[in-house]
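Each value in this text was obtained by applying a stated rule to the coordinates, not by laboratory testing. All values derive from a computational prediction rather than experimental measurement.
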Amino acid sequence: MTWPAVLGAFLVCHLTGDFLLQTEWQALTKVQGLVTAEGRRALRNHVATYTLVFLPPLIWIANDRSVLGAIGVAALIAVPHVAVDDGRLVAHWMTSVKHAPRATPGLRLMVDQSFHVVCLLGAALVAAS
């Protein structure tokens with residue numbers, strides 16, 4: 001198992017979980033973040049479905065490495081996803097680094113997705129090591 005192969009599988013899973021399976025309610029409500037009960041519910045539901053999509057490569061990792069390793073990689077997929085989708089990290093980045101506190105939704109989406117890809121690269125490197 002190589003990290004590019006794992007990353008490729010992770011990217012397909014990411015696109016499936018973040019775009020094909022995420023409901024409109026989840027997408028619109030999760031922006032309330034961990035601050036509100038409804039935001040937490042939306043995040044929890046989204047991340048649960050999102051992480052389940054990663055089951056095929058996680059089984060591959062479990063078979064190739066170990067079950068415990070696959071569980072650790074699942075945490076490396078789910079926890080950063082919550083942190084990014086909570087929205088506060090992206091908002092802080094938009095203000096502090098991009099100097100765009102009132103960025104367009106398209107730019108916010110691209111920053112959000114860039115964070116997700118970087119996190120998945122890290123998880124793929126761990127999974128393949």
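Within region 3-128, the percentage of alpha carbon pairs spaced more than 19 angstrom apart rounds to 48%. Relative contact order of region 3-128: 31 percent, from C-alpha pairs under 8 Å at least 6 residues apart in sequence. Of the two radii for region 29-77, the radius of gyration is 1.15 times the Kirkwood radius, both from the alpha carbons; that is the Rg over Rh value. What angle do you read, to the nearest 10 degrees and between 0 and 90, between the alpha-carbon axis of helix 55-64 and the longest principal axis of the chain? So the helix axis and the longest Cα principal axis differ by about 40 degrees. Axis of helix 3-15 versus longest Cα principal axis of the chain: the two differ by about 50°, to the nearest ten degrees.
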